[in-house]
Amino acid sequence: MWLRIKSVGDDVTGGYPWSIPNRENIAPFVGPWHVPRQRTQTVERPKVTLILASRPNVYSSSPLDRIATRREEPEWIAEKLKDPETLFVPVWRSKNLIRSTEGQPEAVYISGSMAHTLRMQEDGPWAFLGVLDDRAVFALDISATEDPVPLLPENLGSFVDLRSVGWGVPRPEASVLAHARGLMHWRQRHKFCATCGNPNEVKSSGHMMLCTVCKTQHFPRTDPAVIMLVHRGDRALLGHSTRFPKATMYSTLAGFVEPGETLEEAVRREVLEESGVQVGDVHYHSSQPWPFPGNIMLGFYAEGLTEEITIDTEELVDAKWFSRDQMRNSKDHGFDLPRADSIARRLIEDWLAHG
Ligand SMILES: [Zn+2]
């Protein structure tokens, strides 16, 4: 059933307190959500299967108790900053300290005494992250130094891009590293007030920046992005972007949520804009912290209502429907799936396990 909304001037006499856009038939819907206007009764809808996340995503499952009330207790924080039992997660120019043990990446935290030496030399920004087994954990940014290696004990590890490490499975320390990286990145880029341009000062143990003039409070940002596996029967839609690290990589579509938009609407809009494919039902799968630099990825399955692909060449180089068999044997078919640490890969693997 199509709902028709009359345009202003078309005998709207009900005393509406709002104005209605001057367009005919602007919001047809079936159910509580907006569906593309082109949809007709002849569209065959595949059976919907709810697919749940089979395991946590990489960068999730933090072992820390964030214990946010402690952020407002400066005496307790000062005590913990000096406590030799305290752990510090160093961040250098958005890179994390990691060492490899038998090929497995491992986070390296530094002790309170070592951090004290570093802080005496560099006085870098810090933030209270939480408590791990009764030990306070702080992020410590040592970006001011040109070379952090001489400041640390030998063979402690090296500073690398968190994403380059290749966390294949969720491990709690990956979440702590992501937490520290994201918070320090935000801090570095919010030294000045976005309202009046004057300097901010740090509050709440690194979790708030307060403008020194207009007193506007600025909090750490996490911008939502939707990422969706569009499926139709036994096939799924994957695209290739020039931004991808590999020329042969195909992945799920994704995009940022815009103001005034639900997550489901963002899924439908992004898929339509990037590929020309219309989407019906949208089901949530899982989310993933993505501090590269400050996002959370919200993963969905989306039912493809149409098959014809018309790519947005600003966003994509190519997009195709791939069968489950092709995706299970991607190398044989000349393409690569997204990285093991990505929610895109989780969406694909959980979908493959259901057919
Ligand atoms: Zn201000």
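The values are calculated or read from the model by the stated rules, or taken from the named source; none is laboratory data. Fair warning: this is a prediction, and the values are worked out from it, not measured in the lab. When we count neighbours, we look across all protein chains shown, and the Cβ atoms used for this are built from the backbone with ideal geometry, even at glycine.
Here are the numbers:
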quantity	calculated
Residue in the range 233-244 that is part of a strand (DSSP E or B), of a type in the set (F, W, Y), away from the ligand (no atom under 16 Å from the Cβ) and surrounded by fewer than 18 Cβ atoms within 10 Å (Cβ to Cβ) present	no
Counted residues, the range 213-232 - those being within 10 Å of the ligand (Cβ to nearest atom) and hydrophobic (A, V, I, L, M, F, W, C)	2
Residue list for the range 177-212, restricted to those being touching a Lys or Arg at 6+ places or on another chain (Cβ under 7 Å), away from the ligand (no atom under 16 Å from the Cβ) and either of a type in the set (A, V, I, L, M, F, W, C) or part of a loop (DSSP other than H, G, I, E, B) (or both)	W186, H207
Residues being of a type in the set (A, V, I, L, M) and either assigned to a helix (DSSP H, G or I) or within 16 Å of the ligand (Cβ to nearest atom) (or both) - total across the range 156-168	2
Residue satisfying condition, being farther than 26 Å from S164 by Cα and either touching a residue at least 12 places away in the same chain (Cβ under 8 Å) or surrounded by fewer than 18 Cβ atoms within 10 Å (Cβ to Cβ) (or both), within set R99, R93, R66	R66
Boolean, G276 is in contact with a strand residue (DSSP E or B) (Cβ under 7 Å, 6 or more places away or on another chain) and either farther than 30 Å from Q104 by Cα or of a type in the set (K, R) (or both)	no
Filtered residue count, the range 257-311, keeping only those that are of a type in the set (S, T, N, Q) and over 20 Å from D350 (Cα atoms)	6
Cβ-Cβ under 7 Å pairs, at least 6 apart or on other chains, the range 194-205 side closer than 27 Å to R70 by Cα, far side part of a strand (DSSP E or B) and away from the ligand (no atom under 11 Å from the Cβ)	S205/A127; S205/F128
Any hit, the range 334-341, residues being within 19 Å of R268 (Cα to Cα) and either modelled with pLDDT under 95 or crowded, with 19+ Cβ neighbours inside 10 Å (or both)	no
Tally of residues being among the aromatic types (F, W, Y) and surrounded by fewer than 14 Cβ atoms within 10 Å (Cβ to Cβ) across the range 180-232	1
Residue check for R171: farther than 20 Å from R221 by Cα, under 24 Å from the mean Cα position of the chain (by Cα) and more than 16 Å from the ligand (Cβ to nearest atom)	yes
Sole exception among (1) over 30 Å from R346 (Cβ atoms); (2) modelled with pLDDT of 90 or more; (3) surrounded by 15 or more Cβ atoms within 10 Å (Cβ to Cβ); (4) polar (S, T, N, Q) for T145, by number	(2)
